[in-house]
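These notes concern the structure reproduced below.
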């Protein structure tokens, strides 16, 4: 019985073979998904549909495997950025059309997903729905290729026709954005039984007979429909604190290289890191749905515990509310935890109706995290890995091909953003 664990990393090395069982210390994905007499399950593209079979009830597609490659963001092959929030049961995934003037419906991967989507909301056809399996390319052993992390399974919840812009090639094209619902596997103890997919590949079994190894969440959805989706959405109750290792970028990754370059750039002018920290905080808040307006940077000699200010706006019209964001920025050594005294200094400056953020190139110790949680401080922590990830998003969204050019731009704007003003002026503007 072959089971895939959530967040388990698999190896897919060339030449493709079902043996050996393990390669470079990781399970061979071809071994784990092998079905004697059938073709190998490939994950070469973004949307990988297992071939249809002639089942007793008619044609049946066993599954569609979805692969996202974060390290290719902004490249010619992947000029977009997928969002994998599997611990909250959601993935936003962009289709496989990249050609201007082409109807995205006719791209093979898009067509397969749209065909699958049409069955999900049809009561009569729902039992014939196609499960989607989610994978994300990860870096291991300083290599970007051949390592895939299993991220669960689900269905398509929504499809949106969009226009995308490829900054690298300076062109626009139509594509589809798919919102995936990720099902819970808690009843299966976070393990996915691949025998379900193998049964779905068996032309002698009816679709009802294939449900024996299906996860409970899938069986409940097939039986009771979309009213069960929220009940069986994947949700992870995490410990509030994370280790220092979890806060550091993967060695050899694009994030690690970016963070090191950022630290090197500001090493001899650390106070000017405040401009980048302000931009990073703004990006983080906006990407998570907040309305945020950057304010100003305080003079280095008289910051009084605040390095930059901004304004968060909730609501609209006469009923909107404004909150002051007080930001602290520290360009610190990448392997030394930020000091608790710096956090305390930031918290001490917060007034009623204010929130704080602390942006660092380093990471936060577990004791600092516990103090913030236990005392319920309204402060957002942005560690070095988040800084690097956010900067990479900005480079992609704003069309920068070179990190230094972006940092130079931010640095040239530093002087113009330094102001001596009262924070409460943000509430009056």
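Measuring nothing but alpha carbons in segment 3-228 and taking Rh as the Kirkwood radius, the Rg to Rh ratio lands at 0.95. Under the classification rounded if a/c is under 1.5, otherwise prolate if a/b is larger than b/c and oblate if not, where does segment 122-187 fall, given a ≥ b ≥ c as square roots of the Cα gyration tensor eigenvalues? Since a/c reaches 1.5 but b/c is at least a/b, the shape of segment 122-187 is classed as oblate.
Here the label points at residue 341 and residue 187, each 7 Å from Cα along the C-beta direction, are separated by 5.5 nm in the simple model.
For the pair residue 291 and residue 22, a Förster radius of 35 Å applied to the C-beta separation gives a FRET efficiency near 0.10, rounded to the nearest 0.05. By other beta-carbon atoms within 10 Å, ranking 365, 2, 401 with the fewest at the front produces 401, 2, 365. Here the calculated FRET efficiency for residue 179 and residue 429, from their Cβ-Cβ distance with R0 = 41 Å, stands at 0.70, rounded to the nearest 0.05. Summarising the label geometry, the points placed 7 Å from Cα in the beta-carbon direction at residue 398 and residue 7 lie 3.3 nm from one another. Over segment 244-427, the alpha carbon radius of gyration divided by the compact-protein estimate 2.2 N^0.38 Å works out to 1.00.
Helix 403-412 and the longest principal axis of the C-alpha atoms of the chain enclose an angle of approximately 30°. The distance between label points at residue 44 and residue 195 comes to 3.1 nm (points 7 Å beyond Cα on the Cα→Cβ vector).
Paramagnetic label reach from residue 171 (point 7 Å along Cα→Cβ; backbone nitrogen cut-off under 20 Å): within segment 100-142, residues 100-111.
Per Stokes-Einstein, at 37 °C and 0.692 mPa s, what whole-number D in µm² s⁻¹ belongs to segment 169-215, with the Kirkwood radius over Cα pairs as the hydrodynamic radius?
Estimated diffusion coefficient is 239 µm²/s.
For residue 375 and residue 242, what does the FRET efficiency come to when R0 = 25 Å and r is the distance between their Cβ atoms, rounded to the nearest 0.05? Given R0 = 25 Å and the Cβ-Cβ separation, E is 0.85. When both bridge partners sit in segment 226-364, DSSP labels roughly 60% of those beta bridges antiparallel. Dividing the summed helix terms, -39500 (n - 2.57) for each DSSP H run of n ≥ 4, by the number of residues in the chain produces a 222 nm estimate of -7500 deg cm²/dmol to the nearest 500. Note on the chain: Kirkwood radius taken over Cα pairs, Stokes-Einstein applied at 4 °C and 1.567 mPa s, translational D equal to 54 µm² s⁻¹.
No lab work stands behind these numbers, since they all come straight from the coordinates. It should be emphasised that the depicted structure is a prediction, and the values quoted were computed from it without experimental measurement. For neighbour counting, all protein chains shown are included, and Cβ atoms are generated from backbone atoms with ideal geometry for every residue, glycine included.
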